[in-house]
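Below is one structure, written out as structure tokens; the observations come after it.
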Amino acid sequence: MRISTSAADTMEGYNFAYLDEHTKRMIRRAILKAIAIPGYQVPFGSREMPLPYGWGTGGIQVTAAIIGPDDVLKVIDQGSDDTTNAVNIRRFFARTTGVKTTERTGEATIIQTRHRIPETPLRDGQIIVYQVPIPEMLRWLEPREAETRKMHALGEYGAMHVKLYEDIAHHGHIAATYDYPVIVNERYLMRPSPIPKFDNPKMHMNPALQLFGAGREKRIYAVPPYTAVRSLDFEDHPFETQRWEHACELCGATDSFLDEVIMDDRGKRMFVCSDSDYCLARREKQQPAVA
Amino acid sequence: MDTATATPLAPGFEQRVFDSIKVFRALADAMAHPGEIRRVNARPPAPTQLMPAAAAMCLTLLDFETPLWLQTSHASVADYLRFHCGCPMTPEATQASFALITNTLTMPAVNTFNAGEPEYPDRSTTLMIQVESLSNASGVRLSGPGVRDAIYLDVAGVSATYWRELQASRAAFPCGVDIVFIWGERIAALPRTTRVSC
């Protein structure tokens with residue numbers, strides 16, 4: 001089922017895209033600097049939003065600062081268009097801007113995402129906005145902001161390599177499966193937000209502009225189009241993505257990120273695409289014109 | 001000031017909200033695609049010394065938080081920006097968030113401006129340089145993030161020395177200045193990540 005909202009129920013009494021013009025200007029300046037310094041976290045004056053921290057306030061502020069009346073917006077939460085967070089944020093922008101919304105990755109000009117990159121390759125001109133809980137990759141290794149800032153200034157990321165090495169020593173492999181550290185443009189260590197490491201290779205040389213917003217932590221960062229994004233690894237333990245022995249049970253895809261769904265209390269389970277638009281498009285192609 | 005002969009201030013954007021988002025998207029697109037010439041698609045009424053894209057960029061990005069450095073202080077330009085943006089004017093290039101350059105022949109060297117600090121490279125000057133023409137047909141070769149292979153940009157009035165200084169300043173990355181070249185309604189951006197070869 002496809003859902004689309006229209007501008008019919010646009011709200012009165014708020015500025016276009018909710019934020020005031022001064023706030024947008026401040027965020028826009030931060031975004032321009034973020035694009036100029038790929039992977040560097042630009043501090044910004046994060047505002048109170050009409051939903052709590054942790055629900056995508058950073059992503060929403062970035063989207064609010066970049067969205068125009070001609071944009072087409074898609075919002076996903078863990079790949080899906082129809083989960084609570086995605087539905088709420090999509091409706092928020094439909095009501096405060098009146099823009100067209102879509103579930104189709106190819107139709108969207110702006111895609112706000114929580115923790116996934118769509119399976120359909122993005123194209124030049126599209127903007128993907130990530131919701132970021134903790135932007136600092138080094139935070140659990142070094143709690144002091146002044147220190148992590150210095151580590152970024154010097155490009156001193158030895159601690160991160162030690163963390164990955166300890167994983168190998170304990171588990172025999174790098175245990176991180178999401179939020180997997182990357183180096184952007186061979187300079188800055190960047191947290192890709194909690195996307196599965198399956199999605200990390202999609203960030204590399206992506207034609208779309210990638211923006212990241214962390215509301216509680218008050219940081220914005222970016223990866224411009226056609227920019228090198230390298231997942232950290234070792235020569236003898238190269239970076240690998242997840243693989244499944246299953247295909248999607250709805251569309252049969254073998255190249256997508258799969259969610260494991262528990263079907264009953266006897267342990268029956270099912271593997272389906274996490275990207276609901278990708279899965280649906282594949283099924284529509286397989287069974288055309290089913291009413 | 002003789003109020004009797006003072007020319008009235010030009011108005012700013014006709015539609016502040018929608019003009020500024022249009023201009024910002026053109027700027028973000030230009031910054032994400034270094035060297036590619038974009039149109040800002042807005043022509044706010046402005047003093048003649050300000051090109052349309054320069055006026056539009058100022059109205060979109062400047063406010064009380066962003067000290068502006070003017071290469072030549074035309075009273076009409078300063079009054080216009082003070083009124084519409086409320087930005088402080090600074091004579092110190094190192095204090096400026098934005099700098100407006102209207103004459104490329106007499107513009108100061110790249111390293112005159114604030115390149116930020118290694119811990120805060122975002123606290124650097126963004127240069128707005130008004131030029132006589134822009135073209136992607138020839139010129140210096142640009143590469144780096146945002147450029148798929150390479151792109152050529154010809155900027156009238158920018159000397160080979162300036163390009164060499166600019167390329168030399170790249171060694172200080174992540175510190176550095178970001179540049180937006182402006183020609184009429186058109187812009188081309190050079191973030192600090194772009195490598196220049198003459």
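Can you spot the lysines whose alpha carbon is less than 28 Å from residue B:22's alpha carbon? Ignore those fewer than 8 places along the same chain.
The reachable lysines, counting only those whose Cα sits under 28 Å from residue B:22, are A:24, A:33, A:74, A:100, A:218.
What translational diffusion coefficient, to the nearest whole µm²/s, does the protein assembly as shown have by Stokes-Einstein, given a Kirkwood radius computed over alpha-carbon pairs, a temperature of 20 °C and 1.002 mPa s viscosity? Please list the in-between numbers first.
Details: Rh = 23.8 Å.
In µm²/s, the coefficient is 90.
For a quick check: with amide H placed at 1.01 Å from N, whose amide H comes under 5 Å from residue A:17's, ignoring anything fewer than 5 positions away on the same chain?
Under 5 Å from the amide H of residue A:17 lie the amide H atoms of A:97, each far enough along the sequence or on another chain.
Gaussian network model of chain B, Cα springs within a sub-10 Å range: biggest mean-square fluctuation belongs to which of B:163, B:69, B:183?
Per the Cα network of chain B with a 10 Å cutoff, B:163 tops the list.
Tell me, which residues of segment A:16-37 get at least 20 Å² less accessible area when the other protein chains come in, versus the chain alone (1.4 Å probe)?
The answer is A:16, A:21, A:22, A:25, A:28, A:29, A:32, A:33, A:35, A:36, A:37.
Take A:182, A:162 and sort them by solvent-accessible surface of the protein heavy atoms, 1.4 Å probe, largest at the top. Spell out each step's value before the answer.
On the way: A:182 0, A:162 80 Å².
Result, largest first: A:162, A:182.
Write out the cysteines belonging to chain B for which the nearest other cysteine Cβ is not under 4.7 Å, or none if no such cysteine exists.
So, B:58, B:175, B:198.
Once both axes come from the Cα atoms, what is the angle between helix B:160-169 and the longest principal axis of chain B, in degrees from 0 to 90, rounded to 10?
Between the helix axis and the principal axis of chain B, the angle is about 80 degrees.
Using mean Cβ contacts within 10 Å as the protection proxy, how do B:110-121, A:258-269 order, highest first?
On the way: B:110-121: 18.8, A:258-269: 10.5.
Highest to lowest by the protection proxy: B:110-121, A:258-269.
Near the amide H of residue B:101, under 5 Å away, which other amide H atoms are found, from residues 5 or more places off or on another chain, if H is placed in the peptide plane?
B:128, B:129, B:130
Quick one: Karplus J couplings for segment A:32-46, per residue in order, coefficients 6.51, -1.76, 1.60, θ = phi - 60°, nearest Hz, x for Gly and Pro?
Those phi angles translate into 5, 5, 4, 5, 6, 10, x, x, 7, 7, 8, x, 9, x, 4 Hz.
For chain B, what does the accessible surface come to per residue with a 1.4 Å probe? Please give it in Å². Don't jump to the answer; show the numbers that get you there.
On the way: 8460 Å² over 198 residues.
About 43 Å² of surface per residue is accessible.
Mind checking which of A:229, A:272, A:62 has the largest fluctuation in a GNM of chain A, springs on alpha carbons under 10 Å?
Its mean-square fluctuation being the largest, the pick is A:272.
Considering only protein heavy atoms, what per residue accessible area in square angstrom results for chain A with a 1.4 angstrom probe? Intermediate values should be presented prior to the final figure.
Details: 12730 Å² over 291 residues.
I get 44 Å² per residue for this part.
Karplus couplings for segment B:21-28 from phi (6.51 cos²θ - 1.76 cosθ + 1.60, θ = phi - 60°), rounded to Hz, Gly and Pro as x?
Going residue by residue, I get 5, 4, 5, 4, 5, 5, 5, 5 Hz, with x marking Gly and Pro.
Leaving out ligands, DNA and RNA, and with a 1.4 Å probe, what % of the accessible surface on the protein assembly as shown is carbon or sulfur? Provide the component values of the computation, followed by the final result.
Working: 10960 of 21190 Å².
Whole-percent figure for carbon plus sulfur exposure: 52.
Roughly how large is the B-A contact in terms of buried accessible area, totalled over both chains, probe 1.4 Å, nearest 100 Å²?
Numbers: alone 10080 and 14340 Å², together 21190 Å².
Counting protein atoms only, the buried area is about 3200 Å².
Please turn the phi angles of segment A:204-216 into ³J(HN,Hα) values with the Karplus equation 6.51 cos²θ - 1.76 cosθ + 1.60 (θ = phi - 60°), one per residue in order, whole Hz, x for glycine and proline.
Using θ = phi - 60°, the values come out as 5, 6, 5, x, 8, 7, 10, 10, 10, x, 10, x, 5 Hz.
If you line up the long axis of helix B:52-61 against the longest principal axis of chain B, both from Cα atoms, how many degrees apart are they, to the nearest 10?
Computed tilt is about 90 degrees.
The values are calculated or read from the model by the stated rules, or taken from the named source; none is laboratory data. None of these values were measured; they are calculated from a predicted model. Positions of Cβ are generated from backbone atoms using ideal geometry, with glycine treated the same way; all protein chains shown enter the neighbour counts. These accessible areas exclude ligands, DNA and RNA; they are computed on the full protein's heavy atoms, side chains included. Shrake-Rupley method; radii C 1.70, N 1.55, O 1.52, S 1.80 Å.
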